[in-house]
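Visitor: Dropping a structure here in structure tokens format, bear with me for questions.
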Ligand code: PGA
């Protein structure tokens, strides 16, 4: 499987910075096809970023969506609109959506199904909080989050993102990442998926200084990067190291 290096800009960057960043990433990746790089900018920059990425193989993603196709949902964006803007991927179930905006498993499932229906690829984020980890509940939480949404028959991307590792500078040990990624792959296989079609990414404080240790793990198919994707040089460094470690 080729490595997946995905950047989630969250609610950051000016229009000018977004355009500059996209230019740099498109320049680093060029027409390479041995790696899948994606950027998920804020909605309002999707088209501007897409115009730049078109000259490269870098894909465009959205950070969120609404589950209906259209209608009276002030402030919301539908999957067909995202597709119109050039998106290939949509992030669903990010921990910030779950914990700050109170998205339930039921809402995440509706969004997941809407993304698929629009012909886009869902990136389903799962992961335990610090308290759940302390209570030894990591596997149970991750299992429940997968079972609540997945139903076989499609090929999503899974991003394991421990909530306590997001934006904190903390990361699990290599052994912990391997354990949980292997557990996720077993669950996916039990649900009828072929594991070589469902990439499992790690997310949470990925940066140039730890990417080698993370991406070199056999069970890690890629990374979802927040903070370190906001600066073109650190994201480029992550891409370059990933190619070196993972592409043979
Ligand atoms: P971070 O965010 O890399 O800033 O920890 C990761 C994410 O939320 O996807």
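Visitor: Is it the case, given these coordinates, that residue 194 is at pLDDT below 95 and surrounded by fewer than 18 Cβ atoms within 10 Å (Cβ to Cβ)?
Guide: yes
Visitor: Against the definition (touching a helix residue (DSSP H, G or I) at 6+ places or on another chain (Cβ under 7 Å), under 18 Å from residue 91 (Cα atoms), within 16 Å of the ligand (Cβ to nearest atom) and touching a residue at least 40 places away in the same chain (Cβ under 8 Å)), how does residue 198 come out, yes or no? Show your work before the answer.
Guide: Values: touching a helix residue (DSSP H, G or I) at 6+ places or on another chain (Cβ under 7 Å): yes; under 18 Å from residue 91 (Cα atoms): yes; within 16 Å of the ligand (Cβ to nearest atom): no; touching a residue at least 40 places away in the same chain (Cβ under 8 Å): yes.
Here the answer is no, as residue 198 does not meet what is asked.
Visitor: Can you find even one residue in the range 119-134 that is out of contact with any strand residue (DSSP E or B) (no Cβ under 7 Å at 6 or more places or on another chain), surrounded by 18 or more Cβ atoms within 10 Å (Cβ to Cβ), closer than 20 Å to residue 66 by Cα and at pLDDT 95 or above?
Guide: Among the residues of the range 119-134, not one is out of contact with any strand residue (DSSP E or B) (no Cβ under 7 Å at 6 or more places or on another chain), surrounded by 18 or more Cβ atoms within 10 Å (Cβ to Cβ), closer than 20 Å to residue 66 by Cα and at pLDDT 95 or above, which makes the answer no.
Visitor: Conditions first: (1) touching a strand residue (DSSP E or B) at 6+ places or on another chain (Cβ under 8 Å); (2) in a helix (DSSP H, G or I). Residue 148 passes all but one, so which condition is the exception?
Guide: Condition (1) is where residue 148 drops out.
Visitor: I would also like to ask the following. Can you pull out the residues in the range 60-79 that are more than 17 Å from residue 41 (Cβ to Cβ) and crowded, with 16+ Cβ neighbours inside 10 Å?
Guide: Taking the range 60-79 first, the residues more than 17 Å from residue 41 (Cβ to Cβ) are 66-76, 78.
Residues satisfying the conditions are 66, 67, 78.
Visitor: Only one of these is over 23 Å from residue 32 (Cβ atoms) and either in a strand (DSSP E or B) or within 13 Å of the ligand (Cβ to nearest atom) (or both): 208, 172. Name it. Step through it out loud before you land on a result.
Guide: Working: 208 fails: over 23 Å from residue 32 (Cβ atoms).
After ruling out the rest, the residue left standing is 172.
Visitor: Let me ask another. How many residues, within the range 213-248, are away from the ligand (no atom under 16 Å from the Cβ) and more than 17 Å from residue 36 (Cβ to Cβ)?
Guide: As a first pass, look at the range 213-248 and keep what is away from the ligand (no atom under 16 Å from the Cβ): 216-219, 240, 243-248.
Checking which are more than 17 Å from residue 36 (Cβ to Cβ) leaves us with 216-219.
Number satisfying all stated conditions: 4.
The values are calculated or read from the model by the stated rules, or taken from the named source; none is laboratory data. These figures come from a predicted structure and were not determined experimentally. Every residue, glycine among them, receives a Cβ derived from its backbone with ideal geometry; neighbour counts consider all protein chains shown.
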